[in-house]
1. Can you tell me how many residues within segment 45-62 are in contact with a Ser or Thr (Cβ under 8 Å, 6 or more places away or on another chain) and exposed (fewer than 14 other Cβ atoms within 10 Å of the Cβ)?
2. May I ask you to list the residues in segment 19-44 that are surrounded by 13 or more Cβ atoms within 10 Å (Cβ to Cβ) and at pLDDT below 90?
3. Contact list please: Cβ distance under 6 Å, first residue in segment 16-41 and within 15 Å of residue 66 (Cα to Cα), second residue at pLDDT below 90 and aromatic (Phe, Trp, Tyr), pairs at least six apart or on different chains.
4. Among the residues of segment 33-53, how many are in contact with an Asp or Glu (Cβ under 9 Å, 6 or more places away or on another chain), in a strand (DSSP E or B) and polar (S, T, N, Q)?
Amino acid sequence: MQGFVVAPQAATAEEPIPETIAGVVTKIDPEKSRVTVESSDGQPHEFEGSAETLSDLKMGDHLEVKRRPPPK
């Protein structure tokens, strides 16, 4: 299982995002610098990542993603 740190898409007050999400890559959008990871509970989580990070990923990869605070 690969592990890396990316910034999550904004979470709402009703949907706090866990500090670490483990799951499977279900979508990679290099044009928008986004990757979608489906966690074990079936929930999709979208993250922003660098072009270098996204180029290392492929559909079906198992990841553990640690979120970091969005830039201020």
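The values are calculated or read from the model by the stated rules, or taken from the named source; none is laboratory data. Computed from a prediction, not measured in an experiment: that's the story for all the values here. We place every Cβ from the backbone using ideal geometry, glycine too, and count neighbours over all the protein chains shown.
1. Result for segment 45-62: 3.
2. Passing the criteria: only 21.
3. So the pair list comes out as 35/47.
4. Residues that pass the stated criteria total 1.
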